[in-house]
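The values are calculated or read from the model by the stated rules, or taken from the named source; none is laboratory data. If you're wondering where the values come from, they're calculated on a predicted model, not measured in any experiment. Ideal geometry is used to build each Cβ from the backbone, glycine not excepted, and the neighbour counts take in all protein chains shown.
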Amino acid sequence: MVTQFHWYVPNVISAGHRGDTNAEGWGSLDYSTEIARHTEQGGWDGALVGAGWGRPDAFSVATALLARTTTFRPIVAARPGYWSPAQFATAASTVDSLSQGRLLVNIVTGQDNPRAYGDFEVDQPTRYARTREFMQLTKRLWSEESVDFKGKHYQVSGSTIAPRPYVDGDRKRPTLYFGGASPAAEQTGAAEADVQLFWGEPLDGIAERIDRLSSLSAAADREAPLEFGLRITTVCRESSDEAWAAADEKIETFAKFGEDWIAAWHTAAAVGQQRLAALQDRGEILDTCLFTKPATVGGGGGATTWLVGSHDEVAEALAAYHRLGVTHFILSDTPYREEAVNVGAHLIPRVRELIGETVPA
C-alpha cells in the first residue's frame, strides 16, 4: 500500500497548545477547518484530531470538518468506557457512509480522567481486555447482520446497525489505529488493530517492537497483516542550523510558558510514555536527529521526542523508519496551521522519493 502521511488538528479551546504562537481562533470551527483544508491541499492523507476529557468532543469536531472538506480524512479517537461498542459502531458507520469512506478511527485505552465520564475501570490488563472486545464487536457490527455477542465486558443480542460503512473496492470499513506498549496492549493490538502506532522511539526500539508484534499478529486470526505507524513531532527547516535554532527556541518556550505535560498528561504513567522518558538517559540526540530534550521541559505524547534537522535530514530519518516497516506517519509541529503547509510541501515529497513512491493522484 502507499505510505500514509497525516497531520494534527489540536482541537483545544485555549491558544498556545504546545507552544503554538497563533493567538486567535482556537476552539472555533473556522480555525480547525483551515488546518484541515491545508492538509487536503498540501499532500497529506488526513489528520489526527486531538482528543481528551476537557476538550471539545473530537467526534463532533471531526464530523463538522468532514462536512466542510472534500478529501480530508480525520483520525478520530474512540475510547471504551466512554463509548459502548454498538453506540460507537452506529455513529462511526453513519459518518463514514455520509462522507463516502473518509473516517479513520484511533482506539484509545489509556486513562483520561475516566471517573469524570463515569468509567471506573482503572486496572490496566482489564482495560485492554475490554478494548479487545470493543474492537471485536465493532468490526462484527460493521460487517454482519443480527450480531450476538457475549463477552466479559460487552453483550449484544440480535444487533444490526444501519447504514453500514462505505465500501470501495478492498476498503470495507474504517481503519482501526491503536497504541500501547505494555504486554497487554501489544497482545490486543496484534490481534485486533489494523495499524499499531508507536511514539517517537529510536530505530532499535521500533525494530524490536515490530519484530515482536509481527510474531504476535502472525499467530492471531486476522483479516490482514498488521501495519505500523509512527506519531512524532518534526521540526524541519531548509537548513539544519535553522531547524536546531527553531528547536532551541521552542524548548525555551516550553520551559518558560508550557504546561507540565508529563505531570498533567493523561497517559503519563503509560508504558509507552515511560519508554520515551527513559531515552533521556541514552543522550540528548539519538540515531541521526531524534531529540530527547523536550521531555525534560514538559513534553508528552507526540511532543516527547522530536526529529530535528533540514528537510533532507528529517526525510531520511522517516525513510529509515519506513525501511523497518512503518507505513503510516502522524506528524506535527507548531504553529500547526502554518507548519501543515511547510511540512507538506517540503518533507513529504522528499520522503516519498527516498522510499521510491510516487505522489498519489
Hey, among 151, 179, 200, which residue is touching a Gly at 6+ places or on another chain (Cβ under 7 Å), surrounded by 13 or more Cβ atoms within 10 Å (Cβ to Cβ) and not β-branched (Val, Ile, Thr)? 179
Pairs returned, first residue in region 334-355 that is within 13 Å of residue 41 (Cα to Cα), second residue that is part of a helix (DSSP H, G or I) and of a type in the set (Ser, Thr, Tyr), beta-carbon separation under 9 angstrom, 6 or more apart or interchain, are 337/31; 340/39; 344/39
Could you give every pair whose Cβ atoms fall below 6 Å, whose first residue belongs to region 115-126 and is in a helix (DSSP H, G or I), and whose second residue is of a type outside the set (Asp, Glu) and surrounded by 13 or more Cβ atoms within 10 Å (Cβ to Cβ), counting only separations of at least 6 or pairs across chains? 116/53; 117/82; 125/184
Somewhere in region 326-338, is a residue among the acidic types (Asp, Glu), modelled with pLDDT of 95 or more, surrounded by fewer than 16 Cβ atoms within 10 Å (Cβ to Cβ) and under 22 Å from the mean Cα position of the chain (by Cα)? yes
Is it the case that region 65-72 has a residue that's under 24 Å from residue 27 (Cβ atoms), at pLDDT 95 or above, aliphatic (A, V, I, L, M) and surrounded by fewer than 24 Cβ atoms within 10 Å (Cβ to Cβ)? yes
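When residues of region 69-89 are filtered for being farther than 19 Å from residue 51 by Cβ and assigned to a helix (DSSP H, G or I), how many remain?
At the first step, the residues of region 69-89 found to be farther than 19 Å from residue 51 by Cβ are 70-71, 86.
Right, trim to assigned to a helix (DSSP H, G or I) and you get 86.
Qualifying residue count, region 69-89: 1.
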Over region 9-38, the set of residues surrounded by 14 or more Cβ atoms within 10 Å (Cβ to Cβ), under 22 Å from residue 246 (Cα atoms) and β-branched (Val, Ile, Thr) is 9, 35
